[in-house]
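S.K.: The following block contains the structure, expressed as structure tokens.
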Amino acid sequence: MKRRAFLAGTSKLSLAMTIPYSMSKRGFAAMLPSDITSLSAVDLSQVIREKHASCVEVMQAYLSRIEKYNSVYNAIVSLQPEQDLLRQAKEADDELAAGRYRGWMHGMPHAVKDLAAVEGLRHTSGSLLYADRIAEHDSAMVSRIRAAGAIFIGKTNTPEFGLGSQSYNSIFGATGCAYDPALTSGGSSGGAGSALGTQMLPVADGSDMMGSLRNPGAFNNVIGFRPSTNVISGGSTDRRGLSTSGPMGRNTEDTIQFLKTIAAVDLGSDFSPIDLSRVKIGWLGSLDGYFALETGILDLCRGAMEEINREGAVVAEVRPRFEPNDLWFSWTTLRHLGRASMKRFLDDPALSEKLKPELKWEIEQSQYLTEGDRATANAVRGEWYQELDRLFEEYDFLAIPSAQVFPYPKEVKWPSEIEGRKMDTYHRWMEIVILASLGGIPVINVPVGFDKAGRPMGIQIMANFGQDRKVLEFGLAYERRTDFLQQRPKMIESA
């Protein structure tokens, strides 16, 4: 099918949405951008629903972009056959013509992080152990995405079992940063972050235990939102898991819309930017030097806080009444105990040789820990909940950098030191994210700009458990004040 010729300039779309409905489709189409893939997910949804672009045209545009760039960035894996995807897009068009509308993602291409199951698609979890596994059923989250009308085009890359904030594995290799594919995209939702930053997906899902939505958000200049731990699972508010799935988007509005799709709880509607002049933010910085931070990160984050301060927000330095090393003990104990069930992989030499060393180490660590260690770790975590409650009585939000380093060469598995300080574990360099993870609280990564080398960075904005809406409405207000998301990468085409 021949695609319509669109004029350049995504800023024209909002204006186009205000024109009389009686205007012809051709007149409307002439006001749209030349590349469909540059539309936000919310705008793309409206364009499809109003039939100003067909689902086939949208699929063709995205597949063309993926063909042009994905071999360089390696964000999307297990890509499905083009003819099958175009057939599904044609079926979506036929349904729309017949008056059947699946949902806001009707006919939109989507790739799921390769930790979640999509019926009929390869489901490797980034591990050689499951290199040939085909999912028999959709996961609960994927079922919600399918019900919203999405067409699954493949998966997004992730490290082995999602462990580590660098998205590489022995099956698909490493994923590159949207702003420099020679650098890492972060992880473990690195494929998702890179696919968004390169505009190869409209929105993306991810998951986050140790910054896996926030770190790729920062490294690819997109939004990453880790919800309160009951939002996606629908579980009890009394038990907070260490990890949760969550949404990523090119902007906060897209992130909110996608969150509504994958959430198991109702977060309400009509989100609106928070009044920044009524906001009080506790700036945590490096916790008086406890966290090693690459030079330049604090300056970018402080600059972003100054912008918010100029809007009338109060930004004050704050230090929790808590020993950071106690949090690290609690975190590593609970995390490693979660690997105990994987001991069977170590006990079988044929399976063990397929595991990366860092995973083997985590499984080994789990064998040294006792139920007493678990009880102590949970007690520390409970005390941290109380400290967070105290802090959020005084502050609306807490702020801290999203990562301790800028994107680094993707051949490097993990930073062994930061500014001369040795990292004693493979995940110590991402310790800065555990304050929110241990609390199970909502936290959004919003961009703070780029260093002199053009490497992106972000900042974590946290609120108390259950205040997801509040965090997202901060994101909306922050975007009004800053233009970081409009700074697009210079893309490198496949050879």
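The values are calculated or read from the model by the stated rules, or taken from the named source; none is laboratory data. Quick caveat, the model's predicted, so the values are computed rather than measured. Using ideal geometry, Cβ is built from the backbone for each residue, glycine included, and neighbour counts are taken over all protein chains shown.
S.K.: Looking at Glu294, Glu358, Glu317, Glu306, can you tell me which residue is closer than 25 Å to Met423 by Cα, of a type outside the set (A, V, I, L, M) and out of contact with any Lys or Arg (no Cβ under 9 Å at 6 or more places or on another chain)? So that I can check it myself, show each step before the final result.
M.R.: On the way: Glu358 fails: out of contact with any Lys or Arg (no Cβ under 9 Å at 6 or more places or on another chain); Glu317 fails: closer than 25 Å to Met423 by Cα; Glu306 fails: closer than 25 Å to Met423 by Cα.
None of the others qualify; the one that does is Glu294.
S.K.: Also, quick follow-up: Tally time: how many residues in the range 110-124 are crowded, with 20+ Cβ neighbours inside 10 Å, in contact with a Lys or Arg (Cβ under 8 Å, 6 or more places away or on another chain) and free of Cβ contacts under 8 Å to residues at least 60 places away in the same chain?
M.R.: Kept after step one, since they are crowded, with 20+ Cβ neighbours inside 10 Å, are these residues of the range 110-124: 110-118, 121, 123-124.
Within this subset, residues satisfying the condition of being in contact with a Lys or Arg (Cβ under 8 Å, 6 or more places away or on another chain) are 111-114, 118, 121, 123-124.
Within this subset, residues satisfying the condition of being free of Cβ contacts under 8 Å to residues at least 60 places away in the same chain are 118, 121, 123-124.
So the count comes out to 4.
S.K.: Right, something else. Could you tell me which residue of the range 307-348 is nearest to Ser286 (Cα to Cα), considering only residues that are in a helix (DSSP H, G or I) and among the aromatic types (Phe, Trp, Tyr)? Write out each step before concluding.
M.R.: Of the range 307-348, the ones in a helix (DSSP H, G or I) are 307-310, 324-337, 340-347.
Now drop any that are not among the aromatic types (Phe, Trp, Tyr), which leaves 328-329, 331, 345.
Numbers: Trp328: 15, Phe329: 18, Trp331: 18, Phe345: 38 Å.
Among residues in the range 307-348 that are in a helix (DSSP H, G or I) and among the aromatic types (Phe, Trp, Tyr), the one nearest to Ser286 (Cα to Cα) is Trp328.
S.K.: Given the criterion within 30 Å of Lys260 (Cβ to Cβ), over 20 Å from the mean Cα position of the chain (by Cα), surrounded by fewer than 21 Cβ atoms within 10 Å (Cβ to Cβ) and of a type outside the set (A, V, I, L, M, F, W, C), identify the matching residue among Arg421, Arg480, Arg469.
M.R.: Working: Arg421 fails: within 30 Å of Lys260 (Cβ to Cβ); Arg469 fails: over 20 Å from the mean Cα position of the chain (by Cα).
Matching residue, one of Arg421, Arg480, Arg469: Arg480.
S.K.: Output the helices (runs of 4 or more DSSP H) that fall wholly within the range 34-119 and possess 2 or more residues being aromatic (Phe, Trp, Tyr), or say none. Write out each step before concluding.
M.R.: Working: elements: 41-49, 55-73, 82-97.
Answer list for the range 34-119: 55-73.
S.K.: Checking the condition touching a strand residue (DSSP E or B) at 6+ places or on another chain (Cβ under 7 Å) and surrounded by fewer than 23 Cβ atoms within 10 Å (Cβ to Cβ), which residue from Ile134, Ile153 passes?
M.R.: Ile134
S.K.: Being surrounded by 15 or more Cβ atoms within 10 Å (Cβ to Cβ) and under 24 Å from Tyr179 (Cα atoms) is the filter here, so list the residues in the range 69-109 that pass it.
M.R.: If the condition is that a residue be surrounded by 15 or more Cβ atoms within 10 Å (Cβ to Cβ) and under 24 Å from Tyr179 (Cα atoms), then Tyr69, Asn70, Val72, Tyr73, Asn74, Ala75, Ile76, Val77, Ser78, Leu79, Pro109 are the ones that fit.
S.K.: Could you give me the residue pairs with C-beta distances under 8 Å whose first residue belongs to the range 156-171 and is crowded, with 24+ Cβ neighbours inside 10 Å, whose second residue is among the aromatic types (Phe, Trp, Tyr) wherever it lies, and which are 6+ apart or on separate chains?
M.R.: Asn157/Phe172; Pro159/Tyr168; Gly164/Trp414; Gly164/Tyr426; Ser165/Trp414; Ser165/Trp429; Gln166/Trp414
S.K.: Being at negative phi, without any contact (Cβ under 8 Å) to a residue 12 or more places away in the chain and over 15 Å from the mean Cα position of the chain (by Cα) is the requirement here; does Asp132 meet it? Can you show your working first?
M.R.: Details: at negative phi: yes; without any contact (Cβ under 8 Å) to a residue 12 or more places away in the chain: yes; over 15 Å from the mean Cα position of the chain (by Cα): yes.
For Asp132, the condition - at negative phi, without any contact (Cβ under 8 Å) to a residue 12 or more places away in the chain and over 15 Å from the mean Cα position of the chain (by Cα) - is met.
S.K.: In the range 261-272, which residues are surrounded by fewer than 17 Cβ atoms within 10 Å (Cβ to Cβ) and either under 15 Å from the mean Cα position of the chain (by Cα) or hydroxyl-bearing (Ser, Thr, Tyr) (or both)? So that I can check it myself, show each step before the final result.
M.R.: Residues of the range 261-272 surrounded by fewer than 17 Cβ atoms within 10 Å (Cβ to Cβ): 264-270, 272.
Residues satisfying the conditions are Ser269, Ser272.
S.K.: Kindly indicate which of Arg381, Arg390, Arg310 is surrounded by 18 or more Cβ atoms within 10 Å (Cβ to Cβ) and either of a type in the set (D, E, K, R) or under 24 Å from Val446 (Cα atoms) (or both). Don't jump to the end; show me each part of the working.
M.R.: Working: Arg390 fails: surrounded by 18 or more Cβ atoms within 10 Å (Cβ to Cβ); Arg310 fails: surrounded by 18 or more Cβ atoms within 10 Å (Cβ to Cβ).
Testing whether each residue is surrounded by 18 or more Cβ atoms within 10 Å (Cβ to Cβ) and either of a type in the set (D, E, K, R) or under 24 Å from Val446 (Cα atoms) (or both) leaves just Arg381.
S.K.: All but one of (1) within 21 Å of Val142 (Cβ to Cβ); (2) modelled with pLDDT under 95 hold for Asp238, so report the exception by its number.
M.R.: Among (1) within 21 Å of Val142 (Cβ to Cβ); (2) modelled with pLDDT under 95, the lone unmet condition for Asp238 is (1).
S.K.: Only one of (1) over 18 Å from the mean Cα position of the chain (by Cα); (2) assigned to a helix (DSSP H, G or I) is not met by Val142, so which one is it?
M.R.: Tallying (1) over 18 Å from the mean Cα position of the chain (by Cα); (2) assigned to a helix (DSSP H, G or I), Val142 fails exactly one: (1).
S.K.: A further question follows. Scan the range 246-260 and report the pairs whose first residue is surrounded by 24 or more Cβ atoms within 10 Å (Cβ to Cβ) and whose second residue is modelled with pLDDT under 95 and part of a helix (DSSP H, G or I), with Cβ atoms within less than 6 Å and a gap of 6+ or a chain change.
M.R.: The qualifying pairs do not exist here.
S.K.: Does Gly454 meet the test of being among the small types (Gly, Ala, Ser), in contact (Cβ under 8 Å) with a residue 60 or more places away in the chain and surrounded by 21 or more Cβ atoms within 10 Å (Cβ to Cβ)?
M.R.: Working: among the small types (Gly, Ala, Ser): yes; in contact (Cβ under 8 Å) with a residue 60 or more places away in the chain: yes; surrounded by 21 or more Cβ atoms within 10 Å (Cβ to Cβ): no.
No; evaluated as a whole, the condition is false for this residue.
S.K.: Which members of the range 393-418 meet the condition of being buried (at least 20 other Cβ atoms within 10 Å of the Cβ), in a strand (DSSP E or B) and of a type in the set (A, V, I, L, M)?
M.R.: Residues satisfying the conditions are Leu398, Ala399, Ile400.
S.K.: Pick from Glu387, Glu383, Glu393: which is of a type in the set (D, E, K, R), out of contact with any Ser or Thr (no Cβ under 6 Å at 6 or more places or on another chain), without any contact (Cβ under 8 Å) to a residue 60 or more places away in the chain and farther than 30 Å from Ala182 by Cα?
M.R.: Glu393
S.K.: Still on this model: How about the range 79-109: which of its residues are out of contact with any Asp or Glu (no Cβ under 8 Å at 6 or more places or on another chain), of a type in the set (Lys, Arg) and either touching a residue at least 12 places away in the same chain (Cβ under 8 Å) or under 30 Å from Met342 (Cβ atoms) (or both)?
M.R.: The answer is Lys90, and nothing else.
S.K.: May I pose another question? I need every pair where a residue in the range 360-378 that is without any contact (Cβ under 8 Å) to a residue 24 or more places away in the chain has its Cβ under 9 Å from the Cβ of a residue that is surrounded by 14 or more Cβ atoms within 10 Å (Cβ to Cβ) and not small (Gly, Ala, Ser), sequence separation at least 6 or different chains.
M.R.: These pairs meet every condition: Lys360/Phe345; Lys360/Leu346; Glu364/His336; Glu364/Arg339; Glu364/Leu346; Tyr368/His336.
Here's the yes/no breakdown for (1) within 27 Å of the chain's Cα centre (by Cα); (2) more than 23 Å from Ser165 (Cβ to Cβ); (3) outside any loop (DSSP other than H, G, I, E, B):
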{"site": "Ala350", "(1), (2), (3)": "no, yes, yes"}
{"site": "Lys360", "(1), (2), (3)": "yes, no, yes"}
{"site": "Asp373", "(1), (2), (3)": "no, yes, yes"}
{"site": "Ala377", "(1), (2), (3)": "no, no, yes"}
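S.K.: Can we say Gly296 is in contact with a helix residue (DSSP H, G or I) (Cβ under 6 Å, 6 or more places away or on another chain) and on the phi > 0 side of the Ramachandran plot? Show your work before the answer.
M.R.: On the way: in contact with a helix residue (DSSP H, G or I) (Cβ under 6 Å, 6 or more places away or on another chain): no; on the phi > 0 side of the Ramachandran plot: yes.
Criteria not met by Gly296.
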